[in-house]
Ligand code: 2U9
């Protein structure tokens, strides 16, 4: 068989093999085998040395043509395989976007946090700042600056978790107010703040006591602050949490850090004031403590009580949540039983 026929034969066989190839590996293998240095085309071209000189160019050009044709056929087949593989992969990875999604289980803010959030929103809207502070506090800020010196009998009102002689778990959030008051620059304007957070008392836990609970305290210090300002603010809190129609009444009380001091009742949100089980037939429920900031407290923070005055209040979000949602055991808030917590889901 002459070389041209050999080449034609090789081409026919190779083309049919290329056409049937289905994988990129196999097509690469064919390319290396057919066109490589040890491949059949190179082999045939080597045989040209035996041919008479005048036949060599013709056979040479024929061989080159065959090599080009096979190279093209390999390239085309390779592209065909890759297109096919891509199409197959896309088909396998196809997502049915019309399928319903798997619901994602999300939590909801704890009911105490929901009450605190509501109060924060109200006060942020009235230009107050919300201030955080340490839960492990110094005796100085927790008691001393709140007009409770070491020998003051009012210290017996609170049983305290002491860490050392001078360091304790805060029993109220007032130390945050004391720290802020001390730093405040009154040439920049009045001080209006609330301090929400956890507080600690050495109580034995029962349905109405928890050794750790929450407080939101508020403080305003400016010139010309009166009890009328305080009363309006307290009414706003009661109405925000217990309903627009609520009224408040003030009863005289005693706190070492305010003078005068008051206890605040809200008209019963259950019976509207007629008397029921929630308000123990009185029509009123005690919800807040408050008063005008004691001059000693101002003095200790470096504020002149002859020029500045202020009001302060304190409330317990735990008690608010118990009243509002009819929870009869404060410990429910801290057991973290999702069946309890889920009842206050904001997801509706
Ligand atoms: C400064 C001066 C005075 C904060 C106040 C109360 C009255 C009060 C209790 C309510 C229920 C705490 O959560 S509770 O147990 N609080 O009755 N708190 S006046 O008075 C301040 C605070 C800061 C500088």
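The values are calculated or read from the model by the stated rules, or taken from the named source; none is laboratory data. Just so we're clear, the structure is a prediction, and the values are computed from it rather than from any experiment. Counting neighbours? That spans all protein chains shown, and the Cβs are built from the backbone with ideal geometry, glycine included.
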Does residue 279 satisfy the condition of being more than 14 Å from the ligand (Cβ to nearest atom), surrounded by 22 or more Cβ atoms within 10 Å (Cβ to Cβ) and within 30 Å of residue 111 (Cβ to Cβ)? yes
Mind telling me which of the residues 165, 159 ends up being over 23 Å from residue 242 (Cα atoms) and more than 15 Å from the ligand (Cβ to nearest atom)? 165
Out of 317, 295, report the one residue that is in the same structural domain as residue 213 (by TED's automatic domain parsing), more than 20 Å from residue 215 (Cα to Cα) and either in contact with a helix residue (DSSP H, G or I) (Cβ under 6 Å, 6 or more places away or on another chain) or within 16 Å of the ligand (Cβ to nearest atom) (or both). 295
Check the stretch 217-227 and report whether any residue there is surrounded by 18 or more Cβ atoms within 10 Å (Cβ to Cβ), in a strand (DSSP E or B) and away from the ligand (no atom under 12 Å from the Cβ). no
From 141, 128, grab the single residue that is under 15 Å from residue 174 (Cβ atoms), crowded, with 17+ Cβ neighbours inside 10 Å and either assigned by TED's automatic domain parsing to the domain that holds residue 254 or more than 15 Å from the ligand (Cβ to nearest atom) (or both). 141
From the list 145, 113, exactly one residue is under 30 Å from residue 316 (Cα atoms) and out of contact with any helix residue (DSSP H, G or I) (no Cβ under 6 Å at 6 or more places or on another chain). Which is it? 113
Just one of (1) touching a residue at least 40 places away in the same chain (Cβ under 8 Å); (2) within 35 Å of the chain's Cα centre (by Cα); (3) away from the ligand (no atom under 12 Å from the Cβ) trips up residue 290, so point out which. (3)
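Pick out, from the stretch 18-134, the helices (runs of 4 or more DSSP H) lying fully within it that include 1 or more residues that are in contact (Cβ under 8 Å) with a residue 24 or more places away in the chain and within 30 Å of residue 196 (Cα to Cα).
Correct list: 111-125.
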Please enumerate the residues belonging to the stretch 199-209 that are under 27 Å from the mean Cα position of the chain (by Cα) and away from the ligand (no atom under 11 Å from the Cβ). 200
Is it the case, given these coordinates, that residue 274 is under 22 Å from residue 207 (Cα atoms), surrounded by fewer than 21 Cβ atoms within 10 Å (Cβ to Cβ), more than 12 Å from the ligand (Cβ to nearest atom) and free of Cβ contacts under 8 Å to residues at least 40 places away in the same chain? no
Which condition number in (1) within 16 Å of the ligand (Cβ to nearest atom); (2) under 16 Å from residue 213 (Cβ atoms) is the one that residue 310 fails? (2)
Mind checking which residues of the stretch 256-271 are in a strand (DSSP E or B) and within 12 Å of the ligand (Cβ to nearest atom)? 258, 259, 260, 261, 262, 263, 264
